[in-house]
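Trainee: Dropping a structure here in structure tokens format, bear with me for questions.
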Amino acid sequence: MVYYPRSKKVIAKENAKEKARKAKAEPLIRKMPISITLLKKMDGGDKLGERILSKLRGHSMHHSLKHMKQMVKDLSKGGSFSKAHKDANKNVGV
């Protein structure tokens with residue numbers, strides 16, 4: 001049996017096919033984060049600092065707008081991030 005090494009083109013083609021197969025099997029769905037401007041416009045959002053607003057922006061990719069509004073309201077009253085998150089999950093949902 002004679003072994004013929006595969007060319008780089010063939011390997012690249014095989015890798016592309018494999019990548020396409022995986023992409024069809026597991027689609028990546030990502031929600032767009034809420035802008036910092038919108039977070040500031042929420043009830044009590046103008047009282048929050050830039051650091052907490054950027055943390056909320058990243059957090060918004062995983063949660064609904066209702067959840068985020070509730071968190072901003074709780075945080076503006078002086079609560080901690082984790083407490084506000086737990087309360088928002090309990091009252092509003094994810």
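Readers should treat all values here as calculations from the given coordinates under stated rules, not as data from a laboratory. Nothing here was measured: the structure is a model prediction, and the numbers come from that model. Glycine gets a Cβ as well: all are built from the backbone with ideal geometry, and neighbour counts include every protein chain shown.
Trainee: Relative contact order for the chain using alpha-carbon pairs under 8 Å, separation at least 6, rounded to a whole percent?
Mentor: Dividing the mean separation by the residue count of the chain yields 24 percent.
Trainee: Another question, then. Towards the positive end of the charge dipole of the chain, with charges on Cβ (+1 Lys, Arg; -1 Asp, Glu), say which of 52, 82, 32 has the farthest Cα.
Mentor: 32
Trainee: Given the Cα atoms of region 36-91, and with Rh set as the inverse mean 1/r over their pairs in the Kirkwood sense, what is Rg to Rh to two decimals?
Mentor: 0.90
Trainee: In Å, what is the Rg of the alpha-carbon atoms in the chain, and how long is Dmax?
Mentor: Every Cα atom of the chain included, Rg and Dmax give 22.7, 77 Å.
Trainee: Moving on to the next point. Subtract the Cα-Cα distance of residue 82 and residue 62 from 0.36 nm times their separation in residues, and report this length gain in nm to one decimal.
Mentor: 5.7 nm
Trainee: Another question about this same structure. Compute the distance in nm between two label points, each set 7 Å from the Cα along the Cα-to-Cβ direction, one at residue 7 and one at residue 35.
Mentor: Between residue 7 and residue 35, the simple spin-label model gives 5.0 nm.
Trainee: Moving to a separate point now. Per the helix-only calculation at 222 nm, which mean residue ellipticity applies to the chain, given -39500 (n - 2.57) for every DSSP H run of n ≥ 4 and division by its residues, nearest 500 deg cm²/dmol?
Mentor: Helix contribution divided over all residues of the chain: -18500 deg cm²/dmol.
Trainee: Among the lysines, which fall within straight-line cross-link reach of residue 22, defined as a Cα-Cα distance under 17 Å, with same-chain neighbours fewer than 8 residues apart omitted?
Mentor: Qualifying lysines at Cα under 17 Å: 13.
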